[in-house]
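The values are calculated or read from the model by the stated rules, or taken from the named source; none is laboratory data. These numbers come from a predicted model, not from an experiment. When we count neighbours, we look across all protein chains shown, and the Cβ atoms used for this are built from the backbone with ideal geometry, even at glycine.
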Amino acid sequence: MRKTLAQIATWLKIREQDYSDTVVTGISIDTRTIQPGDLFVPFRGEAVNGHKFVEQAFEKGAAASFWLADEPNPPKNRPLIFVDDAEVALQQMAIAYRSEHKATFIGITGSNGKTSTKDILAGALSPYFKVQKTIGNFNNQLGLPITILQLDEDTEISVLEMGMSGFGEIEFLTRIARPHLAVITNIGEAHMQELGSRAGIAQAKYEITKGLLEEGVLFFDGDEPLLRALVAEDLDTETMSFGFAEHNTLVASHIETTETGSRFNVSGLIEGTFEISVLGEHQVKNALSAILISKALGLTDEQIRTSLKQVTLTDMRMQLVPMENGPLFINDAYNAAPTSMRAAIQFVKKTAMRPEKWLVLGDMLELGEDEKSLHEQMAAEIDEKAIARVCLYGPRMKWLYDKLQLVFGERRLVYTETDYEPIIELIRRDASEQTLILLKGSRGMKLENIIKGIEQA
């Protein structure tokens, strides 16, 4: 973004500002990361009033700052934009900038795999287009507008992740982004408490079509009956499906795993063998949507094949972490829900990367009133013949521990509620170069601390 204060005032439908020729080239809500030319956005919360940091923002190079109209004592002789609500103003700016921008906008939502799909898609397209994607988890009503406003004017592809916890939130985001293309990765169990059922979750995710441009296309997990039902009812949206079942537009089969990634065949709209530098059948499915979108944007099969091999994911998503003269970790600890935990466990069970396989599992959060049964159900996924050790961490994993006690003896099963150390000690003592260890849990469990503990030994 490169706009004068006069242009921003027009976007916001407010009176002409002083310093109207001042140029803004970015957005910041944190003085610790502010860049020269940024528009600083102070928020007023219960604990902290961001207006106290406005002067500091200018000292660090901010070109201008918002100032809430009812906040007293605005600084003199500074380029300020007076607004009633900073978040609403950002959203209005994002809508205006989006309407001017020439990029192709791609929206991604789903219960699991949003960030991985974002990374795979951006990686597949980056050799051939100028691509910008959502940074980190800036995927909500504040983060998405900031992401849009941070787009360079010559960006060709914008890949936007959209998260939610309730009905109406995806619709709100997609009406800001107005994507040309949209992806629904899958339907899981997260946010069950707010949305009532998996059908409710599917409905909430399908809201992404509300802002989809008239000529836009929805790419969806065709293995999910709930999504197929919604697509069947929607006569206005062009769709393409991906998955493992033969009825999909693009089908993956014959998946092979190596220590460098996954190799698989595709059939349907595209035929051939592809490779991605990430692990897991669920990541192969995420790659299918990237293949379809890349094809829709004009790339050849060979271009797609070449770029997919070079894709890298955000850390802690099926990330391989080897220990010198020790075990090989699969760090998938960024987040967890029943669907993604099942997928990760199945991958470990099937892979031949190491002969001895361990699971280190942490609590799955935000599952609502069914959280006990959803944790207990993981017992059915854990094959005592294929898995050598199971380590469980967190108060909710006590439910799974009670189930596994029936099949795993005391030596092969460890539970700790709040302390990583028993798990770290066990790994130090018994794991070897022959051991593969999966770390999987919700972000709040911070299971990566176990790797840090091993490294510091």
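Points to keep in mind about this one:
- Residues (buried (at least 24 other Cβ atoms within 10 Å of the Cβ) and under 17 Å from Lys133 (Cβ atoms)) located in the stretch 165-194: Leu173, Ala177, Pro179, Leu181, Ala182, Val183, Thr185
- For the stretch 24-45, a tally of residues being buried (at least 16 other Cβ atoms within 10 Å of the Cβ) and in a strand (DSSP E or B) returns 7.
- Every condition in (1) surrounded by fewer than 22 Cβ atoms within 10 Å (Cβ to Cβ); (2) touching a residue at least 12 places away in the same chain (Cβ under 8 Å); (3) farther than 30 Å from Arg443 by Cβ holds for Glu100 except the one numbered (2).
- Verdict on Val390 being at pLDDT below 95 and of a type in the set (Val, Ile, Thr): no
- Residue that is nearest to Leu250 (Cα to Cα), among those in the stretch 159-183 that are of a type in the set (D, E, K, R) and more than 15 Å from the chain's Cα centre (by Cα): Arg178
- Within the stretch 432-457, the set of residues being surrounded by fewer than 22 Cβ atoms within 10 Å (Cβ to Cβ) and in a loop (DSSP other than H, G, I, E, B) comprises Ser432, Glu433, Gln434, Lys446, Gln456, Ala457.
- From the options Thr209, Thr257, Thr185, Thr174, residue that is more than 27 Å from Met93 (Cβ to Cβ), among the β-branched types (Val, Ile, Thr), touching a Leu at 6+ places or on another chain (Cβ under 8 Å) and not assigned by TED's automatic domain parsing to the domain that holds Glu366: Thr257
- Candidates Ser277, Ser262: the one that is closer than 11 Å to Leu308 by Cβ, free of Cβ contacts under 8 Å to residues at least 40 places away in the same chain and surrounded by fewer than 19 Cβ atoms within 10 Å (Cβ to Cβ) is Ser277.
- Here Ile14 meets the list (1) of a type in the set (Val, Ile, Thr); (2) closer than 13 Å to Phe82 by Cα; (3) modelled with pLDDT of 95 or more almost entirely, failing just condition (3).
- Given (1) at negative phi; (2) assigned by TED's automatic domain parsing to the domain that holds Ile276, number of the condition Ala96 does not satisfy: (2)
- Flag set for Ser340, criterion: farther than 23 Å from Glu425 by Cα, crowded, with 22+ Cβ neighbours inside 10 Å, of a type in the set (Gly, Ala, Ser) and not assigned by TED's automatic domain parsing to the domain that holds Gly166.
- The residues listed here are Asp430, Asp419, Asp363; of these, the one that is under 18 Å from Ala190 (Cβ atoms) and at pLDDT 95 or above is Asp363.
- Options Glu425, Glu366; residue that is of a type in the set (D, E, K, R) and touching a residue at least 24 places away in the same chain (Cβ under 8 Å): Glu366
- For the stretch 415-449, a residue qualifies if it is of a type in the set (Val, Ile, Thr) and under 21 Å from Arg342 (Cβ atoms), and exactly one does: Ile437.
- Looking only at residues in the stretch 309-324 that are in contact (Cβ under 8 Å) with a residue 40 or more places away in the chain and crowded, with 17+ Cβ neighbours inside 10 Å, the one that is nearest to Gln456 (Cα to Cα) is Met323.
- When Thr147 is tested against (1) at pLDDT 95 or above; (2) surrounded by 20 or more Cβ atoms within 10 Å (Cβ to Cβ); (3) part of a loop (DSSP other than H, G, I, E, B), just one condition goes unmet, and that condition is (3).
- Only one of the numbered conditions (1) surrounded by 23 or more Cβ atoms within 10 Å (Cβ to Cβ); (2) touching a residue at least 24 places away in the same chain (Cβ under 8 Å) is violated by Ser241, and that is (2).
- Ser289 being surrounded by 24 or more Cβ atoms within 10 Å (Cβ to Cβ), farther than 24 Å from Tyr401 by Cβ and under 16 Å from the mean Cα position of the chain (by Cα): yes
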